[in-house]
Amino acid sequence: MNAAGQLVENAFWIDNRPDDARETLTNCFMRLPATQALVQTLRGRGPTPVTGVHHVLQRHGLVGDAISDVRVLLELLNEVGIVAYSRKHQTVRITAPIPEPDAANPTIRVVEPTRPFSNIKHLREILRAAREYVWWCDPQFSKRGLEPLADEADAAHITEIRILSGPANATADATSDFKRFKAEMATAGITAEWRVVPKDKMTWHDRFIVSKNETWNVPPINTLYKGDYSEAGRSEARPPFDTWWQEGNPIV
């Protein structure tokens, strides 16, 4: 039994504190990627058919073809107060409030067309949580990515920004904007560099935001702003960023 299970057992069976046991269970379920995807996608909507819930979870690769598995999950989430699940009407409505990012410790952040503000908010929260450095690799990185970086860069938490991209969007305009960005960051005590890897030396295709404390596999920056269906996911494996970095050439 893990630590959370021990807390539930003690609260319910030993200390006669069923409300505390329920709160612990709710917090545990809120940390599940499937729960996070549902809460982020369905919050603020009216009742959603179970088939719609199944579709959402399948879109993110969080459930198989059996809709019965979704019903089991919804029964559990209903018991801990995260959703209101109507067995009669086969509909679901989110009832739990959105937790603060630090409390939820999200492992998935949903990107979709109906959440244009939240899509960028997710990116800002990832950048805001970074410690010591931000390393961002995206083959299609564009100057638009400099905007959230500038807004969230805090010299109290980071001292370095590295951007690694392919040549597609490293235009003259992007170079000009980055020169100004680099100068502003230097004034704040943060070093910034943008390197471009030639197409024939690029061995990576995924996008990552890496810091000392965490790594995120993220959608392309343009996807985040356009709001295409996608997601950002926390990654346990760190990419070989330093190796890729050596293949790049500074744009300024």
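From the set of residues in region 10-38 that are within 22 Å of Ile120 (Cα to Cα) and either surrounded by fewer than 17 Cβ atoms within 10 Å (Cβ to Cβ) or small (Gly, Ala, Ser) (or both), which is modelled with the lowest pLDDT?
My answer is Arg31.
In region 78-120, which residue that is modelled with pLDDT under 90 and basic (Lys, Arg) is nearest to Thr26 (Cα to Cα)?
Ranking the qualifying residues of region 78-120, first place goes to Arg109.
Show the residue pairs that are 6+ apart or on different chains and have beta-carbon atoms under 9 Å apart, the first residue being within region 138-152 and within 19 Å of Thr191 (Cβ to Cβ) and in contact (Cβ under 8 Å) with a residue 24 or more places away in the chain, the second being among the hydroxyl-bearing types (Ser, Thr, Tyr) and surrounded by fewer than 18 Cβ atoms within 10 Å (Cβ to Cβ).
Final answer for the pair search is Lys143/Thr171; Lys143/Thr175; Lys143/Ser176.
Restricting attention to region 217-252, which residues are of a type in the set (A, V, I, L, M) and either in contact with a His (Cβ under 7 Å, 6 or more places away or on another chain) or exposed (fewer than 15 other Cβ atoms within 10 Å of the Cβ) (or both)? Quick ask: steps written out before the conclusion?
The initial filter retains those residues of region 217-252 that are of a type in the set (A, V, I, L, M), namely 218, 221, 224, 232, 237, 251-252.
Those that are of a type in the set (A, V, I, L, M) and either in contact with a His (Cβ under 7 Å, 6 or more places away or on another chain) or exposed (fewer than 15 other Cβ atoms within 10 Å of the Cβ) (or both): Ala232, Ala237, Val252.
All but one of (1) loosely packed, with under 14 Cβ neighbours inside 10 Å; (2) over 19 Å from the mean Cα position of the chain (by Cα); (3) in a loop (DSSP other than H, G, I, E, B) hold for Gly81, so report the exception by its number.
Among (1) loosely packed, with under 14 Cβ neighbours inside 10 Å; (2) over 19 Å from the mean Cα position of the chain (by Cα); (3) in a loop (DSSP other than H, G, I, E, B), the lone unmet condition for Gly81 is (1).
Let's see how each residue does on (1) among the aromatic types (Phe, Trp, Tyr); (2) closer than 23 Å to Ala129 by Cα; (3) modelled with pLDDT under 95; (4) under 13 Å from the mean Cα position of the chain (by Cα):
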{"position": "Asn169", "(1), (2), (3), (4)": "no, no, yes, no"}
{"position": "Arg180", "(1), (2), (3), (4)": "no, no, no, no"}
{"position": "Asp206", "(1), (2), (3), (4)": "no, yes, yes, no"}
{"position": "Pro220", "(1), (2), (3), (4)": "no, yes, yes, yes"}
{"position": "Ser230", "(1), (2), (3), (4)": "no, yes, yes, yes"}
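For region 144-186, how many residues are closer than 25 Å to Pro240 by Cβ, exposed (fewer than 14 other Cβ atoms within 10 Å of the Cβ) and in contact with a helix residue (DSSP H, G or I) (Cβ under 7 Å, 6 or more places away or on another chain)?
0
Determine which member of the set Thr41, Thr51 is at pLDDT 60 or above and out of contact with any Ser or Thr (no Cβ under 9 Å at 6 or more places or on another chain).
Values: Thr41 fails: out of contact with any Ser or Thr (no Cβ under 9 Å at 6 or more places or on another chain).
Unique residue meeting the criteria: Thr51.
Out of region 48-67, which residues are surrounded by fewer than 16 Cβ atoms within 10 Å (Cβ to Cβ) and either of a type in the set (Phe, Trp, Tyr) or not in a helix (DSSP H, G or I) (or both)?
Pro49, Gly61, Gly64, Asp65, Ala66
The values are calculated or read from the model by the stated rules, or taken from the named source; none is laboratory data. The structure presented is a predicted model; accordingly, all values stated were derived computationally and were not measured. Here the Cβ is made from the backbone with ideal geometry for all residues, glycine too, and neighbour counts use every protein chain on show.
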